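Input: a single structure, listed below in structure tokens.
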Amino acid sequence: MTKDKRILFLGDSITAEGTFIAFLEAILLQHFPGQGFTLINIGVPSETASGLTEGDHPFPRPCVHERIERALLITKPDWVVLGYGMNDGIYSPFSQERFLAYQKGLLEAVRIVHSSGAKAIVMTPPAFDSSAIRQETLLADGHHEQAYSYLTPYEHYNDVLKTYARWLLWQEGIADEVVNIYDPLLQARENARMNDPDYRSGDGIHPHADGHWVIAETLLRHLFEVRCKATPPFVGQPESSTFFQLVWQRQKVLSAAWKEHIGHSNPNKATALPLEEALQEGDKLAEQIKNHFSIS
């Protein structure tokens, strides 16, 4: 890595939660102290690339195409990381129609990113964990189409996401980079359950911090050629690390401000400072992070 990078993250609630992006920033600060990486997280909960919504979702799911051009124009990124798929299968058995909507939406997003002059990086969908869902809410094959949703997901929904992930990985030249997070998350989950059969990776849809670290580590390896020989201490106990807490706080302040400044159709809006105020607050936190390095 020889030059500063401005990296925009678009995605659903896993991106919006932002832990993997904070992990990324923390490691980049440690490995490339002389370079400027600006990580802008504007993930929106419930968002899709396909534009689809299940029947009992409380509002029409936001679609990235409602805001992507505006986001690119305002943020002017060098790279754009797209993280979609978990919501795009609508938690239902495989459907060719839904699959084509995901393909079309993602390919169009990549095209728009490229037309802006930015590099497009696509993450595969993550793994779904049916074992972490209340078993009485899982539905088998054969139910009416409208029965499946994020509240009552298909019991083999992980196989649907696997199909989506494999399609991405088999398409040569679909984007500048395709990063496989599905298999690393699945493998990490299986490894953890070998030691602890009761291990829960998250709520089935959203991974806990250890899953976010798997995503961050995978992105670091593929995009920055950074291999962490050991898991950083702040991954296991983020609340005990002053350094990580500063990075996390900065990410949260800036993410909320950027997201609401650009706008989105999810009716649940983030509590956010006006963008200029948030940028000033981000500069103050960046100075504290810098001071942390100087006294460490």
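The values are calculated or read from the model by the stated rules, or taken from the named source; none is laboratory data. Just so you know, these numbers come straight off a predicted model, no measurement behind them. Counting neighbours? That spans all protein chains shown, and the Cβs are built from the backbone with ideal geometry, glycine included. When the accessible area is computed, the model is the full protein with side chains, heavy atoms only, and any ligands, DNA or RNA have been set aside. Shrake-Rupley method; radii C 1.70, N 1.55, O 1.52, S 1.80 Å.
Every residue in the stretch 249-287 that is in a helix (DSSP H, G or I), open to solvent by 70 Å² or more (accessible area, probe 1.4 Å) and in contact (Cβ under 8 Å) with a residue 12 or more places away in the chain, please.
If the condition is that a residue be in a helix (DSSP H, G or I), open to solvent by 70 Å² or more (accessible area, probe 1.4 Å) and in contact (Cβ under 8 Å) with a residue 12 or more places away in the chain, then Gln249, Lys252, His261, Glu277 are the ones that fit.
When you scan the stretch 1-79 for helices (runs of 4 or more DSSP H) that lie fully inside it, which ones turn up with 1 or more residues that are at pLDDT below 95?
19-31
Please enumerate the residues belonging to the stretch 90-107 that are touching a residue at least 12 places away in the same chain (Cβ under 8 Å) and over 16 Å from Gly142 (Cα atoms).
Arg98, Phe99, Ala101, Tyr102, Gln103, Lys104, Gly105, Leu106, Leu107
Tell me, which residue of the stretch 141-151 that is open to solvent by less than 40 Å² (accessible area, probe 1.4 Å) and in a loop (DSSP other than H, G, I, E, B) is nearest to Asn87 (Cα to Cα)?
Ser149
Say we look at the stretch 218-230 and pick out the residues that are buried (at least 16 other Cβ atoms within 10 Å of the Cβ) and free of Cβ contacts under 8 Å to residues at least 60 places away in the same chain; which of these is nearest to Ile181 (Cα to Cα)?
By that ranking, first place goes to Thr218.
Take Ile42 and tell me if it is open to solvent by 10 Å² or more (accessible area, probe 1.4 Å), over 23 Å from Cys228 (Cα atoms), in contact (Cβ under 8 Å) with a residue 60 or more places away in the chain and among the β-branched types (Val, Ile, Thr).
Spelling it out, it is not the case that Ile42 is open to solvent by 10 Å² or more (accessible area, probe 1.4 Å), over 23 Å from Cys228 (Cα atoms), in contact (Cβ under 8 Å) with a residue 60 or more places away in the chain and among the β-branched types (Val, Ile, Thr).
Restricted to the stretch 195-209, and to residues that are under 20 Å from Leu138 (Cα atoms) and touching a Gly at 6+ places or on another chain (Cβ under 9 Å), which residue is surrounded by the fewest Cβ atoms within 10 Å (Cβ to Cβ)?
Gly202
Of the residues Glu155, Glu177, which single one is among the acidic types (Asp, Glu), surrounded by fewer than 22 Cβ atoms within 10 Å (Cβ to Cβ) and in contact (Cβ under 8 Å) with a residue 40 or more places away in the chain?
Working: Glu155 fails: in contact (Cβ under 8 Å) with a residue 40 or more places away in the chain.
Unique residue meeting the criteria: Glu177.
Quick test for you: out of Ala188, Ala127, pick the one residue that is of a type outside the set (Phe, Trp, Tyr), surrounded by 14 or more Cβ atoms within 10 Å (Cβ to Cβ) and either in contact with a strand residue (DSSP E or B) (Cβ under 7 Å, 6 or more places away or on another chain) or not in a loop (DSSP other than H, G, I, E, B) (or both). If you could, list the steps in order and put the result at the bottom.
Details: Ala127 fails: either in contact with a strand residue (DSSP E or B) (Cβ under 7 Å, 6 or more places away or on another chain) or not in a loop (DSSP other than H, G, I, E, B) (or both).
Matching residue, one of Ala188, Ala127: Ala188.
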